[in-house]
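Notes to accompany the following structure.
Rule-based calculations on the coordinates, nothing more; no lab input. Computed from a predicted structure; not experimentally measured. For neighbour counting, all protein chains shown are included, and Cβ atoms are generated from backbone atoms with ideal geometry for every residue, glycine included.
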Amino acid sequence: MKSVKAVIFDFNGTLFWDNAENEEAWSQTAKHYRGFGLTKEEFHLNNGKSDREACLFILGKEAKEEALLQCEVYKEEYYKKLCLERKLTLAKGAYEYFNKLLDCNLKLAIASSAPKINMDWYIPHFHLLDYFKSENIIAGRTDIKGKPEPDIFLLTAKTLGVDIENCIIFEDSVAGLKAARSSGCAKVIAINSTGADVKNTSLLADFSISDFTDSKLKEYFL
């Protein structure tokens, strides 16, 4: 493995274990717009992709811009309501792991498909600026191709000033892991968060971890 200079994290389902809330919100959105919810397979198919792509899946490829925007707003309002009702925190060991990586002089970044308005809410709630520079939190980019294309990871590495070959990427979704794998990064690690499609994600990663206290992380990096 090439010298590691940076670590890039997906956010939803990786650092913030909200798969249950996301699945419930998307299923409710599908039920609202098409009359029936999402199957487990449909959720995993769209998990990790942008809101726009998921709404296109629900409404159909011919959906008008206004309808797509309404779909996106409906989902995010329902999702935020669920998050506020439940006391949610970052994944076990995440903060301690951030500190260990920073002690090793590694650069940290977040590369997320989440809408920017959501990330603007996550940042203060989870005190992310204590660990990540604001410019290294990439989210809500509509000017690049979404996951499973590698564009967001390539952009994040460029923002960090590091070659992608010197980056490790943590992901939880099939789309995200495909994007990480095709980016050419040094290593791809899957996190088996609650609700993750573990059967398929494990096939796309170099190895999987249960959370950020997993002993395999120490074996490989620290």
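Taking label points 7 Å from Cα along the Cα-to-Cβ direction, residue 165 and residue 81 give a separation of 5.1 nm. Of the residues 136, 16, 57, the one whose Cα sits farthest toward the positive end of the charge dipole of the chain, with +1 on the Cβ of Lys and Arg and -1 on the Cβ of Asp and Glu, is 136.
Computed over the Cα atoms of segment 19-85, the ratio of the radius of gyration to the Kirkwood radius (Rg/Rh) comes to 0.93.
For the chain, what does -39500 (n - 2.57) per DSSP helix run (n ≥ 4), summed and divided by total residues, give at 222 nm, in deg cm²/dmol to the nearest 500?
Working: 10 runs with 106 residues, N = 222.
Calculated mean residue ellipticity at 222 nm is -14500 deg cm²/dmol.
Label-to-label distance, residue 203 versus residue 31, with points set 7 angstrom from Cα along the beta-carbon direction: 3.1 nm.
Full extension of the segment from residue 89 to residue 3, taken as 0.36 nm per residue of separation minus the current Cα-Cα distance, would add 27.8 nm.
Of 81/187; 87/147; 64/147; 116/199; 61/199; 80/107, which sit over 25 Å apart, Cα to Cα? Please report the intermediate quantities before stating the final value.
On the way: 81/187 35 Å; 87/147 28 Å; 64/147 22 Å; 116/199 30 Å; 61/199 29 Å; 80/107 30 Å.
The pairs that break the limit, which is 25 Å between Cα atoms, are 81/187; 87/147; 116/199; 61/199; 80/107.
When only Cα pairs below 8 angstrom with a gap of at least 6 residues are kept, segment 19-85 shows a relative contact order of 38 percent.
Counting neighbouring beta carbons within 10 Å and listing from fewest to most, the residues 127, 32 come out as 127, 32. Note on residue 121 and residue 143: the extension gain reaches 5.8 nm, defined as 0.36 nm multiplied by sequence separation minus the Cα-Cα distance.
With the simple spin-label model, which puts each label point 7 Å out from Cα in the Cβ direction, the residue 158 to residue 62 separation comes to 3.7 nm. Of 193, 27, 173, the sequence from fewest to most neighbouring Cβ atoms within 10 angstrom is 27, 193, 173.
Here segment 19-85 is assigned +1 on the Cβ of each Lys and Arg and -1 on the Cβ of each Asp and Glu. Its dipole about the Cα centre then comes out at about 140 debye.
Its relative contact order, with pairs defined as Cα atoms under 8 Å and 6+ residues apart, puts the chain at 28 percent.
Within the chain, which whole H helices from DSSP have a Cα span along their axis of at least 20 Å and a mean Kyte-Doolittle hydropathy of -1.0 or more, if any? Flagged H segments are 65-85.
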